[in-house]
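Peer 1: The structure that follows is given in the form of structure tokens.
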Amino acid sequence: MSNSLINTAMSGLNAAQAAMSTISNNIANSNVKWYNRQMTVFNENGGTMTSHGYIGNGVNVSRIHREYNEFLADQMNRATAKQSALNSYTKNISQINDLLADKGNDVSSAIDDFFTSLPNVTNNAEDNPARTTVIGKGEAMVNMFAKADQSLRDLEKDINNQVTNTSKNINEYTKQIAKLNSEISRAKGFNGADPNDLLDQRDRLIQELNTLVDVQVTQQDSGFVNVTFANGLPLVSGTRSYEVSAIPSEKNSERLVIGYSNGIDEVREVDAKRIKGGELGGAYRSRSEVLDSSRNQLNQLALVLGDQFNKQHEQGFDLNGDKGEKFFNLGGAHVMPNGKNKGDANFTVDYTDTKQVKAADYTVTYDGSKWNVTVEPGSRKFEAKPNTSGELEFEGMKITVSGTPKAGDSIVVQPVGNVIAGMSVAITDPNKIAAAGAKDTGPSDNDNMKKLFELPDEKIIDGKTTIAGGYGSLVSMVGNKVNTAQVDFDAQVSITKSIQQQQQSVSGVNMDEEYGEMYRIQEYYMGNAKVIQTANSMFDAIMQIF
């Protein structure tokens, strides 16, 4: 009888020791961010049949339970991906805003300085220093355009680097997750118990992976998790991981995008529209929504300003009585054939009316009989019909096609892509400034200079907006997006913190609870020890009888 009592009490002592070890482990890991609180689960041992009925045989430890809520973990992953995307997006477009809105060192001020230098020639058309100042202010304006354009190009390179680094980091995480899948499955295979420390590590990696790109996680009965992204492309399947890489876009070889291979087929570009969340999603969004439009609008402004100034300047006459020449050299469109084109067609772009040229990119696709145009990112579509010369003419430009295209061939046309890159002041001789309105009217003739000075008041951007209005619209667009992004980011931070608090209330270590549990287990341990002490006293009393 005493042996039965002792065995039963010993099971309680062993259970208490296991519980105390769990409490100790919880307290030790209370400051570990990714740790999930553990709890010792007791089960009743089977009883022994006697003439009086079943008598209990104590307790056993069935498992060490991890306080984990799959729903909250999934919500936390989603929130992490959104917050990381907004953070990346906001940082990138804030750089653009800082560049364009710098009042002391911006394109707008340089344009104002250039045009305000013209009245000096208007007031004294033969004044050589005034003419020299106009050339100097023109060069300063061109330099400011070039500086802004180069800064935007540098940001494009930075985003390319983000894509490259993020793809490498994604691969590192997926390899580790696949490895942990194997270790977790093997550990569970021994006795079916959950290797809680490995599960915590895997959850941490999954959440950190979500800071890079939004992924979907599916739990398997085997203990594996499968990880997918971009609407179903597998990154981890069981113990196997799949790699992504940074590759040149088929549409724009200067732009890096995410490429994916299942290990059998060749690496293919992942549709940008399917990349959501994380740093990668934020980088993609900042590039497509703000960077592209900012560069296009800036180059459109330079094109229209330079071309319209040239046209008016060519209407005048210089101090030598010669017809005015172009004042500015300008770059042109940028054409990028798709890397998978089958035909041998070549394409050149010329302007027909710069006032009608849009700040947009076009994808022009040949379907075997006609050319279809998509204004990126897919906002408008129309057919480009050849003119009498066979050129594709639309929206202020014409495309000349030489060679033979194949059905499915396409190009991306950036009408203003290289305008600033090729921009410079063409005139170096102050006498070449065509201030006069007519030939041989004398040095005091300033009629053409007056018309040049009035150019900023004309609605020449898209035929709707002035030069100042065009730049102001660009600055306003970027500024509004930054403000909206910051509000969205701050709101998402609050949402993420709220979910994290909910998660911590379930999975986090609460020291007060652990202290209370420690006291309860201590009492439980002492109670079982007292039973053993009592059983020994009973056994001694029986032995004294004999």
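Peer 1: Ratio to report: Rg/Rh of segment 358-397, with Cα atoms as the point set and Rh obtained by the Kirkwood method; give two decimals.
Peer 2: Rg/Rh: 0.96.
Peer 1: If I model a spin label as a point 7 Å beyond the Cα along the Cα-Cβ vector, how far apart are those points for LYS157 and LYS497 in nm?
Peer 2: Computed distance between label sites LYS157 and LYS497 equals 3.8 nm.
Peer 1: Hey, another quick one. Order by neighbour count: LYS398, LYS439, fewest other Cβ atoms within 10 Å first, most last.
Peer 2: By the 10 Å Cβ count, ascending, the order reads LYS439, LYS398.
Peer 1: At 0.36 nm per residue, minus the direct Cα-Cα distance, what do GLN356 and ASN31 gain on full extension? Give it in nm, one decimal, please.
Peer 2: Gain in length upon complete extension: 110.8 nm.
Peer 1: Cross-link candidates for LYS406: which aspartates and glutamates have Cα within less than 15 Å, leaving aside residues fewer than 8 places away along the same chain?
Peer 2: LYS406 reaches ASP344, ASP367.
Peer 1: As an exercise, identify the trypsin sites (Lys or Arg not before Pro) in segment 1-103 lying in DSSP coil whose Cβ has no more than 14 other Cβ atoms within 10 Å.
Peer 2: Those satisfying the criteria are LYS33, LYS103.
Peer 1: Mind giving me the nanometre distance, one decimal, between the label points for VAL41 and ASP447, set 7 Å out from Cα along Cα→Cβ?
Peer 2: It is 9.6 nm.
Peer 1: Can you tell me the FRET efficiency between THR404 and GLN220 if r is taken as the Cβ-Cβ distance and R0 is 35 Å, rounded to the nearest 0.05? Don't skip to the answer; put the middle values down first.
Peer 2: Values: r = 53 Å, r/R0 = 1.50.
Given R0 = 35 Å and the Cβ-Cβ separation, E is 0.10.
Peer 1: Continuing with this model, one more query. If the cut-off is a Cα-Cα distance under 15 Å, which aspartates and glutamates reach LYS179, setting aside same-chain residues fewer than 8 apart in sequence?
Peer 2: Partners within reach: ASP197, ASP200, ASP203, GLU243.
Peer 1: Could you work out how much longer the chain between GLU126 and MET49 gets when fully extended? Use 0.36 nm per residue separation minus the Cα distance between them, nm to one decimal.
Peer 2: Stretched out fully, the GLU126 to MET49 stretch lengthens by 15.5 nm.
Peer 1: For the peptides 191-202, 466-477, what is the packing order when you average, over each peptide's residues, the other Cβ atoms within 10 Å and list the highest mean first?
Peer 2: Working: 191-202: 16.3, 466-477: 18.2.
In descending order of packing, they fall as 466-477, 191-202.
Peer 1: Give me the number: length gained by fully extending ASN320 to SER261, i.e. 0.36 nm times residue separation minus the C-alpha to C-alpha distance, one decimal in nm.
Peer 2: Numbers: separation 59, 0.36 × 59 = 21.24 nm, distance 6.68 nm.
14.6 nm is the gain from fully extending ASN320 to SER261.
Peer 1: As a test of the formula, what do you get for the chain when each DSSP H run with n ≥ 4 contributes -39,500 (n - 2.57) and the sum is divided by the residue count, at 222 nm and rounded to the nearest 500 deg cm²/dmol?
Peer 2: Taking each H run of at least 4 residues, the total per residue is -17500 deg cm²/dmol.
Peer 1: With a ≥ b ≥ c taken as the square roots of the eigenvalues of the C-alpha gyration tensor of the chain, please select rounded if a/c is under 1.5 and otherwise prolate if a/b is larger than b/c or oblate if it is not?
Peer 2: prolate
Peer 1: Translational diffusion coefficient of segment 333-415 at 20 °C, 1.002 mPa s, Stokes-Einstein with Kirkwood Rh over Cα pairs, in µm²/s as a whole number. Could you put the intermediate results ahead of the total?
Peer 2: Details: Rh = 12.7 Å.
It comes out at roughly 169 µm²/s.
Peer 1: Under a crude label model (7 Å from the Cα following the beta-carbon direction), how far is GLU139 from SER424 in nanometres?
Peer 2: It works out to 1.1 nm between the two label points.
Peer 1: Order of THR90, THR228 from fewest to most other C-beta atoms within 10 Å?
Peer 2: The order, fewest Cβ neighbours first, is THR228, THR90.
Peer 1: Fewest first, what order do ASP265, ASP457, ASP447 take by the number of other Cβ atoms within 10 Å? All intermediate terms of the calculation are to be shown ahead of the outcome.
Peer 2: Numbers: ASP265 8, ASP457 11, ASP447 16.
The most exposed by this proxy come first: ASP265, ASP457, ASP447.
Peer 1: Right, another one. Rounded to a whole number, what is D in µm²/s for segment 162-284 from Stokes-Einstein with the Kirkwood radius over alpha-carbon pairs (37 °C, 0.692 mPa s)?
Peer 2: Taking Rh from Cα pairs, D becomes 220 µm²/s.
Since every read-out is calculated from the coordinates, none of them should be taken as a lab result. This is a predicted model, so every value here is computed, not measured. Methodologically, a virtual Cβ is constructed for each residue, glycine included, from the backbone with ideal geometry; neighbour enumeration extends over all protein chains shown.
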